[in-house]
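Visitor: Please see the structure below; I have some questions.
The values are calculated or read from the model by the stated rules, or taken from the named source; none is laboratory data. This is a predicted model, so every value here is computed, not measured. Glycine also receives a Cβ, built like all others from the backbone with ideal geometry; neighbour counts cover every protein chain displayed.
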Amino acid sequence: MKRKNRYSAIIERIFTSKYIAGMRQVDFERDEFETVARQLRIKLPKNLGDLVYSIRYRADLPKSIQENAGAGETWIIRPIGKGQYRLALVADRPIQPNPNLATTKVPDATPGIVTKYAFGDEQALLARLRYNRLIDIFAGVTCYSLQNHLRTTVPGMGQVETDELYVGLDKKGAHYIFPVQAKGGSDKLNVVQIEQDFAVCANKFSGLICRPLGAQFMGGGIIALFEFEQTDGGVRISAERHYKLVPPEEVTKEDLENYRQRIAD
């Protein structure tokens, strides 16, 4: 059985064994993966966390689960403690790039040797953000990379991970914290990651202005950047921009005139 199918089968069995019509959340624990895997005669990975990660960011929940969502809703998996999770119903607002958004060309400052050996994964994306100061450009704040792959524990969630943390300083002297989630390849940004980043800000950097960001590789070498905010209706996208790293000579006079016009508008 392929990994995607076996993971789906395990989470499906857990859901159907607990779900009662009308429920809006279903709690389960990581230890249940082993019990269900034995029942289904499925070989589990050594890293049990990969099961939840794969379903969150690489695959969709089984149809039998999603069929129990109302119109305009979807099921997501939230962490609620060490080795504890919750399938919860939320508004269906996928985080994906707007194909109609204009693209801004940026002279590529990525070192050639990095470009030569980089893959198309999140690490390659984070490197491009860093070398080209795209976080500064997008946020309008002078930013510095503080830590890569922060793993920490947040009360009520357990262990969480942020791909990269930036700290920033604006012209008035205010300090910012920018948790960045990056996705390359077929992986998708997920609202749960952004909820975790808000929690990390509140728990670890309460004196800084929290501005969670997301980055996504698009086709044609375009990088989509998102900023998020918390609202009464959950996490929402507050800003989105698309950038394309190009050789300096490909930024034409016409491009610059268009960008000046944006400022005038």
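Visitor: What single numbered condition from (1) within 30 Å of GLU250 (Cα to Cα); (2) touching a residue at least 60 places away in the same chain (Cβ under 8 Å); (3) touching a strand residue (DSSP E or B) at 6+ places or on another chain (Cβ under 8 Å) fails to hold for ILE194?
Guide: The single condition ILE194 does not satisfy is (1).
Visitor: Right, here's the next one. Take ILE177 and tell me if it is of a type in the set (A, V, I, L, M, F, W, C) and either within 17 Å of GLU240 (Cα to Cα) or modelled with pLDDT under 95 (or both). If you could, list the steps in order and put the result at the bottom.
Guide: Values: of a type in the set (A, V, I, L, M, F, W, C): yes; either within 17 Å of GLU240 (Cα to Cα) or modelled with pLDDT under 95 (or both): no.
When the stated conditions are applied, ILE177 does not pass them.
Visitor: Go through segment 1-35 and report how many residues are in contact with a Ser or Thr (Cβ under 8 Å, 6 or more places away or on another chain) and either β-branched (Val, Ile, Thr) or modelled with pLDDT of 90 or more (or both). Spell out how you get there, then give the answer.
Guide: Filtering segment 1-35 for residues in contact with a Ser or Thr (Cβ under 8 Å, 6 or more places away or on another chain) gives 3-4, 7, 12, 15-16.
If we keep only those that are either β-branched (Val, Ile, Thr) or modelled with pLDDT of 90 or more (or both) as well, we get 12, 15-16.
Summing the residues that are in contact with a Ser or Thr (Cβ under 8 Å, 6 or more places away or on another chain) and either β-branched (Val, Ile, Thr) or modelled with pLDDT of 90 or more (or both) in segment 1-35 gives 3.
Visitor: Specify the residue that is surrounded by the fewest Cβ atoms within 10 Å (Cβ to Cβ); the eligible residues are those in segment 124-145 that are out of contact with any Phe, Trp or Tyr (no Cβ under 6 Å at 6 or more places or on another chain), of a type outside the set (Ser, Thr, Tyr) and free of Cβ contacts under 8 Å to residues at least 60 places away in the same chain.
Guide: Applying the filter and picking the extreme gives GLY140.
Visitor: With the condition kept exactly as written, say whether any residue in segment 111-120 is touching a Phe, Trp or Tyr at 6+ places or on another chain (Cβ under 6 Å) and either at pLDDT 90 or above or outside the structural domain of ALA59 (by TED's automatic domain parsing) (or both).
Guide: Here is the first cut: in segment 111-120, the ones touching a Phe, Trp or Tyr at 6+ places or on another chain (Cβ under 6 Å) are none.
No, segment 111-120 contains no residue that is touching a Phe, Trp or Tyr at 6+ places or on another chain (Cβ under 6 Å) and either at pLDDT 90 or above or outside the structural domain of ALA59 (by TED's automatic domain parsing) (or both).
Visitor: On to the next question. Could you pull out every one of the strands (runs of 3 or more DSSP E) wholly within segment 1-112 that has 3 or more residues that are closer than 22 Å to PHE226 by Cα and over 21 Å from the mean Cα position of the chain (by Cα)? Explain how you work it out, then say what you get.
Guide: Details: elements: 25-29, 73-81, 84-91, 103-107.
Fully inside segment 1-112 and qualifying: 103-107.
Visitor: How many residues does segment 113-146 contain that are among the polar types (S, T, N, Q) and either in a strand (DSSP E or B) or under 16 Å from GLU240 (Cα atoms) (or both)?
Guide: As a first pass, look at segment 113-146 and keep what is among the polar types (S, T, N, Q): 115, 123, 132, 142, 145.
Those still in the list that are either in a strand (DSSP E or B) or under 16 Å from GLU240 (Cα atoms) (or both) too: 142, 145.
Matching residues across segment 113-146 total 2.
Visitor: Let me ask you something else. Report every pair of residues separated by at least 6 positions or lying on different chains whose Cβ atoms are under 8 Å apart, first residue within segment 19-43 and over 15 Å from ILE77 (Cβ atoms), second small (Gly, Ala, Ser) and surrounded by 12 or more Cβ atoms within 10 Å (Cβ to Cβ).
Guide: Close Cβ pairs satisfying both conditions: ASP31/GLY83; LEU40/ALA9; ILE42/ALA9; LYS43/ALA37.
Visitor: Run GLN159 past the list (1) under 22 Å from GLN196 (Cα atoms); (2) in contact with a Ser or Thr (Cβ under 7 Å, 6 or more places away or on another chain); (3) without any contact (Cβ under 8 Å) to a residue 24 or more places away in the chain and report the number of the one that doesn't hold.
Guide: Answer for GLN159: the failing condition is (3).
Visitor: Regarding PHE217, is this residue in contact with a strand residue (DSSP E or B) (Cβ under 8 Å, 6 or more places away or on another chain), among the aromatic types (Phe, Trp, Tyr) and farther than 18 Å from PHE119 by Cβ? Even if it seems obvious, please write down each step before you answer.
Guide: Values: in contact with a strand residue (DSSP E or B) (Cβ under 8 Å, 6 or more places away or on another chain): yes; among the aromatic types (Phe, Trp, Tyr): yes; farther than 18 Å from PHE119 by Cβ: no.
Criteria not met by PHE217.
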